[in-house]
Amino acid sequence: MQPVYTIFGKHDETVRKDFTNFSTKDYVDEVMNAKLAPPEGFAAPLTIMWELTSKCKNRCIYCYNESAPNRHERLSDRILFTLANELMDMKPFHVCLTGGEPTENPRYLDLMTILASSGIRVSTVLSGANLTPLYFNIISKCVSTLQISLDGSRAEIHDAVRGRKGSFDEAVNAIKEFVVRGIDVRVSFASTGLNIDDFENTYRLCKELGVTSLRTQRLAQSGRAKREKGFSHLPTEEQLQKLETFLYQNTKVKKPMIEYAEPYIHLTEGLEVGITTMARITSCGDVGISPYIEAYFGNVNEEPLKVIWDRMKKGWHNPQMKKIACKMAENLDTLESPLHDKIYIK
């Protein structure tokens with residue numbers, strides 16, 4: 001298995017050590033190091049990634065769940081609110097409402113308000129589409145931080161990655177509106193051949209707009225980037241090295257704004273620790289252990305989330321899951337995946 005904390009994976013030990021500080025290790029490390037994790041697993045996920053819909057006006061070239069304008073998968077209102085009630089009972093630390101474009105779900109604001117009012121920390125990932133004054137006001141009251149997807153400093157770059165003209169203007173406008181309202185706005189995108197050379201300009205634009213952090217990661221072997229034959233948007237080694245140099249220089253400053261995140265950090269953490277900390281709920285109700293592995297432990301249309309969680313909270317110990325994850329960890333530098341079809345683990 002490859003070491004966890006490489007920036008793009010192909011470096012000797014000296015460089016790998018230097019680039020360790022680009023990896024964003026979340027609070028899971030602190031919990032594990034302090035021996036706060038119960039051997040039987042957590043009673044509830046620490047964080048939940050809830051995909052409210054698969055519909056999205058954009059068709060991003062690397063979308064991990066292949067969201068698109070013509071996809072309409074979402075849970076019924078009855079299941080949505082039943083699930084919201086379950087979450088309030090389970091009390092996870094954090095729920096991220098995402099999609100697709102979560103604002104395409106007509107119950108988005110209702111669910112956000114319910115969860116936030118129960119004391120759960122709520123965040124959301126937005127493209128900037130569909131945002132009216134009502135959305136800006138309610139979202140700003142319910143979240144303290146959110147992520148806006150911005151794939152470049154110019155419309156021609158961003159819109160090419162997002163697959164739709166006008167998406168850049170929507171993203172920039174959303175950033176401005178939320179920053180004015182005092183929200184911690186963060187930007188994140190995967191580095192592709194289309195936008196990697198523009199990273200420095202994107203960094204400067206984010207600083208001008210008042211963005212708190214700019215996060216990038218290498219392209220994950222998932223979704224559209226994996227399934228579409230002849231995917232031609234991988235950055236070259238030369239482009240990656242240039243970006244690494246810029247990242248290294250700009251993380252030497254005090255409180256750096258730039259973050260590098262290994263997309264599979266939860267995968268390698270899971271294999272090492274064996275206890276699940278995150279749950280992904282897809283737009284059709286499948287509950288999984290990772291956004292990049294199409295292996296699921298159940299579906300909320302068929303049984304309560306608590307029942308599914310009790311089955312998956314030590315899911316990294318499951319032999320089938322462990323085999324899949326180890327195979328993926330061995331191929332982090334490619335878009336090849338050992339798992340092509342959805343499977344359910346019981």
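The values are calculated or read from the model by the stated rules, or taken from the named source; none is laboratory data. Keep in mind that this is a model prediction, so the values were computed, not measured. Cβ coordinates were reconstructed from backbone atoms using ideal geometry, including for glycine residues, and neighbour counts include every protein chain displayed. Note: areas computed on protein heavy atoms with side chains; ligands, DNA, RNA excluded. Shrake-Rupley method; radii C 1.70, N 1.55, O 1.52, S 1.80 Å.
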Residue 113 meets each of (1) surrounded by fewer than 18 Cβ atoms within 10 Å (Cβ to Cβ); (2) without any contact (Cβ under 8 Å) to a residue 40 or more places away in the chain; (3) closer than 26 Å to residue 310 by Cβ with one exception, condition (3)
Go through the stretch 294-318 and report how many residues are more than 17 Å from residue 40 (Cα to Cα), touching a residue at least 60 places away in the same chain (Cβ under 8 Å), open to solvent by less than 40 Å² (accessible area, probe 1.4 Å) and out of contact with any Gly (no Cβ under 7 Å at 6 or more places or on another chain). 1
Looking at residue 144 and the list (1) touching a strand residue (DSSP E or B) at 6+ places or on another chain (Cβ under 8 Å); (2) open to solvent by less than 30 Å² (accessible area, probe 1.4 Å), which single condition is not satisfied? (2)
Check on residue 95, in contact with a Leu (Cβ under 9 Å, 6 or more places away or on another chain) and at pLDDT below 95: no
Scope the stretch 59-70; condition free of Cβ contacts under 8 Å to residues at least 60 places away in the same chain and either open to solvent by 30 Å² or more (accessible area, probe 1.4 Å) or more than 18 Å from residue 166 (Cβ to Cβ) (or both); matching residues: 69, 70
Selection from the stretch 150-165 of residues open to solvent by 30 Å² or more (accessible area, probe 1.4 Å) and part of a loop (DSSP other than H, G, I, E, B) yields 154, 163, 164, 165
Considering only the stretch 276-341, give the strands (runs of 3 or more DSSP E) lying wholly within it that have at least 2 residues that are out of contact with any Lys or Arg (no Cβ under 9 Å at 6 or more places or on another chain) and either of a type in the set (A, V, I, L, M, F, W, C) or modelled with pLDDT of 85 or more (or both). 278-281
Those residues of the stretch 265-291 which are open to solvent by 30 Å² or more (accessible area, probe 1.4 Å) and in contact with a His (Cβ under 9 Å, 6 or more places away or on another chain) amount to 278
Kindly indicate whether any position in the stretch 221-236 is surrounded by fewer than 17 Cβ atoms within 10 Å (Cβ to Cβ), at pLDDT 80 or above and not in a helix (DSSP H, G or I). yes
Counted residues, the stretch 181-196 - those being open to solvent by 10 Å² or more (accessible area, probe 1.4 Å) and not hydrophobic (A, V, I, L, M, F, W, C): 6
Quick check on residue 175: is it open to solvent by less than 50 Å² (accessible area, probe 1.4 Å) and in contact with a Cys (Cβ under 9 Å, 6 or more places away or on another chain)? yes
Does residue 145 qualify as being at pLDDT below 95 and among the hydroxyl-bearing types (Ser, Thr, Tyr)? yes
In this structure, is residue 203 more than 20 Å from the chain's Cα centre (by Cα), among the aromatic types (Phe, Trp, Tyr) and part of a helix (DSSP H, G or I)? no
Kindly list, by first and then second residue, each pair from a residue in the stretch 37-55 that is at positive phi to a residue that is part of a loop (DSSP other than H, G, I, E, B) and surrounded by fewer than 19 Cβ atoms within 10 Å (Cβ to Cβ), limited to pairs with Cβ atoms under 7 Å and residues at least 6 apart or on different chains. 41/314
